[in-house]
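The values are calculated or read from the model by the stated rules, or taken from the named source; none is laboratory data. Keep in mind that this is a model prediction, so the values were computed, not measured. FYI the Cβ positions are ideal-geometry reconstructions off the backbone, even for glycines, and counts take in every protein chain you see. Each accessible area value is taken on the protein alone, full model and side chains, heavy atoms only, with ligands, DNA and RNA left out. Shrake-Rupley method; radii C 1.70, N 1.55, O 1.52, S 1.80 Å.
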Amino acid sequence: MAQGTPSWLNIDFIQRILRIAEDDSTIQVVDFFTKAATSKGDNYTSDMVRVAIEYTRKQGDKEVSGKRTLLFKFEPMEEGPKKDLIQKSNIFDTEIYMMTDAIKKMSKMLGSRLSARVYHVRMERPLCLIMEDLAPLGFRMADRQAGLDLTHSKLAIQGLAKFHASSVALCEKEPRHKQVYNKGLFHGQNPEEMKHFFSAACMGLGLEIEKWPELDKSYSEKIKKLSKTIYSKGVESVKCKDDEFNVINHGDFWVNNMLFRYDENNKPIEHVFVDFQLSYYSSPVLDLQYFLTSSLNEKVREENIQTLLDEYLNTLTATMKQLGCKTSPPTMKDLEKSFEERAMCELITLMTIFPVIVVDKAEVQDIDEMLTKNGIVNNPGFKHPLFRKVVAKQLPIYMNRGLLD
């Protein structure tokens, strides 16, 4: 059994949820085995356990054997800053609402899968989502360090456009969803630990680029000063504006929060979402910025941003029309205006999220290691050659736009 697995995760519990989910009272669980479902650096806000189940069930007069795996997604179980942060922020509750309500309805509208099926939700501490395991269907993560090539990126951006379009249709039918998803990563009521992470990461970057001869000292000084206000600037940059086109954002749309299924030639042919803990209602540009800044390979980032934005807008517009949305889709000019107004969110993603993504697997830190008490996140990703190359190129652009002041 995986380390830390709670005592209630036993044969009787698994048998009960299987019987309910499959509507089959003949299911008898014979045995089960657990192991960690993710590696360090794959998932930062929960504990994932894969449960392999052996069972029998009746088919007519016969008893047949079967096997399946389920994913148990727990709130952090080990005491420490990560557990405190997740519980105080209630982001696990957000994911439960998304997966048991919004995602089910949005998938039904689209006639296609957006994410894994939920089998059961355990609402006692530690909260636990029990989901189908998509790995046996051929879904897997792409390589976060390599970044997504154009084929993967197009599939992801099409998926995001359909996600956003179906959220518009849902909010038209059930406006309450606009209020349910109102926090996300940047919100004034989020716990101090979350604010501390961004401030400490910004300070850590400021200290690191003091050593970069390609940037003069003014960059380091400005970024260290920015660390005091970076979170409040993030809160301002994500605020929902009533006169703008708005959607339910995924909120954490980077390479590790999506899965791809491949054909026999290893070409990605299907894309689904995972991790809805930071979903929130605001401009779709926030998901777009996060994805385009964090998850593309170098070639796509330099050559194909406009191609991907065109793909997004075309898919969004077509899907909204297909779903009969009354809301008008945005124009490219609308998106460009929102990109400009919300550029601070893009800068924050580059400085604090991108180094977490590119870091070498041997140097990955979890949240408990990053949330230091000295006000500095010394992320090894700051020293990664790709991070340094991209940041050294982008910071002068942000400087000229006044975003470092």
Which condition from (1) over 15 Å from the mean Cα position of the chain (by Cα); (2) free of Cβ contacts under 8 Å to residues at least 60 places away in the same chain is the one that THR307 breaks?
(2)
Report yes if some residue within segment 302-321 is touching a His at 6+ places or on another chain (Cβ under 7 Å), open to solvent by less than 80 Å² (accessible area, probe 1.4 Å) and outside any helix (DSSP H, G or I); otherwise report no.
no
Out of all the residues in segment 87-96, is one or more part of a loop (DSSP other than H, G, I, E, B), within 18 Å of the chain's Cα centre (by Cα) and either at positive phi or at pLDDT 95 or above (or both)?
yes
Filter segment 218-236 down to the residues that are out of contact with any helix residue (DSSP H, G or I) (no Cβ under 7 Å at 6 or more places or on another chain) and part of a helix (DSSP H, G or I), then identify the one that is most open to solvent (accessible area, probe 1.4 Å).
LYS225
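Here's the yes/no breakdown for (1) closer than 19 Å to LEU129 by Cβ; (2) at pLDDT 90 or above; (3) outside any strand (DSSP E or B):
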{"site": "GLN3", "(1), (2), (3)": "no, no, yes"}
{"site": "PHE13", "(1), (2), (3)": "yes, yes, yes"}
{"site": "THR26", "(1), (2), (3)": "no, yes, yes"}
{"site": "PHE32", "(1), (2), (3)": "yes, yes, no"}
{"site": "SER39", "(1), (2), (3)": "no, no, yes"}
{"site": "ARG50", "(1), (2), (3)": "yes, yes, no"}
{"site": "TYR55", "(1), (2), (3)": "no, yes, no"}
{"site": "SER65", "(1), (2), (3)": "no, yes, no"}
{"site": "ARG68", "(1), (2), (3)": "yes, yes, no"}
Exactly one of these conditions fails for ASN190: (1) outside any helix (DSSP H, G or I); (2) at pLDDT 95 or above. Give me its number.
(2)
Taking only segment 118-147 into account, find how many residues are more than 22 Å from GLU264 (Cα to Cα) and exposed (fewer than 14 other Cβ atoms within 10 Å of the Cβ).
3
Restricting segment 323-340 to residues that are in a helix (DSSP H, G or I) and touching a residue at least 24 places away in the same chain (Cβ under 8 Å), the residue that is farthest from the chain's Cα centre (by Cα)
ASP334
Take the residues of segment 143-180 that are part of a loop (DSSP other than H, G, I, E, B) and within 26 Å of HIS384 (Cβ to Cβ): which is modelled with the highest pLDDT?
ASP149
Got a number for residues in segment 70-79 being open to solvent by 20 Å² or more (accessible area, probe 1.4 Å) and modelled with pLDDT under 90?
3
Quick check on this structure: which one of ALA169, ALA135, ALA161 is farther than 21 Å from ASN249 by Cβ and in contact (Cβ under 8 Å) with a residue 24 or more places away in the chain?
ALA135
Considering only segment 257-274, state which residues are part of a strand (DSSP E or B) and farther than 18 Å from MET48 by Cα.
PHE260, ARG261, TYR262, PRO268, ILE269, GLU270, HIS271
